[in-house]
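*Asks:* Sharing a structure with you now.
The values are calculated or read from the model by the stated rules, or taken from the named source; none is laboratory data. Being a predicted model, the structure only gives us computed values, none of them experimental. Here the Cβ positions follow ideal geometry from the backbone for every residue, glycine too, while neighbour counts run over all protein chains shown. Quick note on the areas: whole protein, heavy atoms, side chains included, nothing else; ligands and nucleic acids left out. Shrake-Rupley method; radii C 1.70, N 1.55, O 1.52, S 1.80 Å.
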2 protein chains.
Amino acid sequence: MAHWQTAAIIGVGLIGGSIGLALRRSGAVEQVIGVGRDPAKLKKAWEVGAIDEFALESSPELPPADLVVVCTPIESVGSQIARWTETAAQGALITDAGSTKAKIVAAVDAQLLAHNPRQIRFVGSHPLAGSEKTGAENARENLFDKRTVVVTPTAQTDPSAVEQIQLLWEALGARVQLMTPQAHDAAVASTSHLPHLIASLLASITPPELLKLTAGGWLDTTRIAAGDVGLWQQILLDNREPVLTALSRFETDLALWHRALEQRDAVALEKLLQQGKTIRDAVGN
Amino acid sequence: MAHWQTAAIIGVGLIGGSIGLALRRSGAVEQVIGVGRDPAKLKKAWEVGAIDEFALESSPELPPADLVVVCTPIESVGSQIARWTETAAQGALITDAGSTKAKIVAAVDAQLLAHNPRQIRFVGSHPLAGSEKTGAENARENLFDKRTVVVTPTAQTDPSAVEQIQLLWEALGARVQLMTPQAHDAAVASTSHLPHLIASLLASITPPELLKLTAGGWLDTTRIAAGDVGLWQQILLDNREPVLTALSRFETDLALWHRALEQRDAVALEKLLQQGKTIRDAVGN
């Protein structure tokens, strides 16, 4: 795989911090620079060993990185990449870790088509890892071990960028799945965004005086409701149409459950429960 | 606490097996007899150390237990208790571990009022523990440690039974919460039965070709969908009215989420996500 001189990680929270730890473990890069707005968070990432050095985003002197991984919330990924196309090394590879891809990738592709003096290569990524925890203090070098990372090339993407980013994620322990940005967004609407919405809804309607009666089932089902509110607000709005499609499918089947229960239809209930169990058992723990 | 001579555990799956292990650890009982229909399951419970001896349910000679814990699926709890009122020791204490309480407790109270030659004392229990796993092979002696067990006395319940069953569950590591059977059923409709229904629904509508793109959020949110289908069919039907009430509350708020997303209402979405996070954060992991 390509050996990188300087990797810049923009945003050193759970994902950025874990990428830093995994990159340093992999030996694929000489140095890892963390870049962000908050000195305390950068210092934390440095203390946990996720980065070799750090720089404030506002610094006029940013390192000429040949690998840039943008791990900020999705609303600022586009502007971060626009900025790094001006300061990264000639021919640098840029990727991101945003949870939605179609809008980000279309915007960056358009940017680079219009203005790309340094021949920057970009391909979008989305590591399917993370949790309700946030911050570099929860980062783990094995966060990506055996996890899927979706990489989303388009017709415009340089094939060498796809190959190199694939090797890079594999060096961090992940399995890479190539998809179009649109197919990715439709998929994660079902596998991630709808579950988040539902988990949050389930938690929110639980009467507080009954919380002492919750057990493993409620704890599991609602766990991700503890996730960052602003982050999920952005994700749901950004991926609104696919999430609405998944939500409609949910509502259609919810009506089947409601009717089965209302009509005391034991056969229908058994069938619905069995469908859920069959799908769930196919994945394992 | 009362010291028991012979505890009979009827049904030695995950819950019955764990009660056996915890009872034997507690030293509160001389011997634990497992009773069931399936010799292979009884043997498994004996192999993992959950019971001292076992007997087939069909055996004409059952031990005169002074403590009986019925851990069968809820549909057979009533008939099991009816049977043990004929064979248990004089003045024995019977409880059960069923996930719903109003119908079971009313039926047993009526039975005992009509015919109780041995002065059997009964009080219902529901340990809020367990998981999607089943069988004595998954039993753990610490399954009840720090978990809540709801005990559901009625006006008819002998106060000594309530006191003794409370001490017993505490000896197994649990915390006891006293509630009426009806209050219990309304509570677990929100904290357990609705989450199960929703987890199963979420799993069932996930397109199978996307399962390779699931990550921690989907895995957590749908985990309990792997639970036993027949068991949950019974629970949902038995507790139908409270579950329908909880389901209606869910549907009302689901419409708020749908509208917020459809109207790109960032403020409403943030508020909804924050409500879910606040409730979830109040419980912890």
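*Asks:* Quick one: count up the residues across the stretch B:192-214 that are of a type in the set (A, V, I, L, M, F, W, C) and surrounded by fewer than 20 Cβ atoms within 10 Å (Cβ to Cβ). First the steps, then the outcome.
*Replies:* Looking only at the stretch B:192-214, we keep the residues that are of a type in the set (A, V, I, L, M, F, W, C), and these are B:194, B:197-199, B:201-203, B:205, B:210-211, B:213.
Next, only the ones that are surrounded by fewer than 20 Cβ atoms within 10 Å (Cβ to Cβ) stay: B:205, B:210-211.
Counting residues in the stretch B:192-214 that are of a type in the set (A, V, I, L, M, F, W, C) and surrounded by fewer than 20 Cβ atoms within 10 Å (Cβ to Cβ) gives 3.
*Asks:* Can I ask one more? Here are the criteria: (1) touching a residue at least 60 places away in the same chain (Cβ under 8 Å); (2) outside any strand (DSSP E or B). Tell me which single one A:Thr95 does not satisfy.
*Replies:* The single condition A:Thr95 does not satisfy is (2).
*Asks:* Residues being at the interface with chain B (Cβ under 7 Å from one of its Cβ atoms) and open to solvent by less than 50 Å² (accessible area, probe 1.4 Å): count how many of those fall in the stretch A:255-282. Lay out the reasoning, then the answer.
*Replies:* Taking the stretch A:255-282 as the starting set, the residues that turn out to be at the interface with chain B (Cβ under 7 Å from one of its Cβ atoms) are A:257-258, A:261-262, A:264, A:266, A:269-270, A:272-277, A:279-282.
Filter again for open to solvent by less than 50 Å² (accessible area, probe 1.4 Å), leaving A:257-258, A:261, A:266, A:269, A:272-273, A:276-277, A:279-280.
Of the residues in that region, 11 qualify.
*Asks:* Only one residue in B:Ala102, B:Ala55 is open to solvent by 10 Å² or more (accessible area, probe 1.4 Å), in contact (Cβ under 8 Å) with a residue 12 or more places away in the chain, closer than 17 Å to B:Pro153 by Cβ and of a type outside the set (Val, Ile, Thr). Which one? Talk me through it step by step, then tell me what you get.
*Replies:* Values: B:Ala55 fails: closer than 17 Å to B:Pro153 by Cβ.
On inspection, the qualifying residue turns out to be B:Ala102.
*Asks:* Which residue, of B:Ala187, B:Ala203, is touching a strand residue (DSSP E or B) at 6+ places or on another chain (Cβ under 9 Å) and either modelled with pLDDT under 95 or within 7 Å of chain A (Cβ to nearest Cβ) (or both)? Walk me through it before giving the result.
*Replies:* Numbers: B:Ala203 fails: touching a strand residue (DSSP E or B) at 6+ places or on another chain (Cβ under 9 Å).
Answer to the selection: B:Ala187.
*Asks:* Let me ask another. Looking at (1) over 16 Å from A:Ser192 (Cβ atoms); (2) touching a residue at least 24 places away in the same chain (Cβ under 8 Å); (3) open to solvent by 10 Å² or more (accessible area, probe 1.4 Å); (4) within 7 Å of chain A (Cβ to nearest Cβ), which is the only condition B:Arg223 fails?
*Replies:* Condition not satisfied by B:Arg223: (1).
*Asks:* Out of everything in the stretch A:115-160 that is in a loop (DSSP other than H, G, I, E, B) and acidic (Asp, Glu), what residue ends up being most open to solvent (accessible area, probe 1.4 Å)? Steps first, please.
*Replies:* Residues of the stretch A:115-160 in a loop (DSSP other than H, G, I, E, B): A:115-120, A:123, A:128-135, A:139-147, A:153-158.
Those still in the list that are acidic (Asp, Glu) too: A:132, A:141, A:145, A:158.
Working: A:Glu132: 36, A:Glu141: 85, A:Asp145: 60, A:Asp158: 62 Å².
Of everything passing the filter in the stretch A:115-160, A:Glu141 is most open to solvent (accessible area, probe 1.4 Å).
*Asks:* Another one. Among residues belonging to the stretch B:172-191 that are in contact (Cβ under 8 Å) with a residue 40 or more places away in the chain and part of a loop (DSSP other than H, G, I, E, B), point out the one that is surrounded by the fewest Cβ atoms within 10 Å (Cβ to Cβ).
*Replies:* B:Gly173
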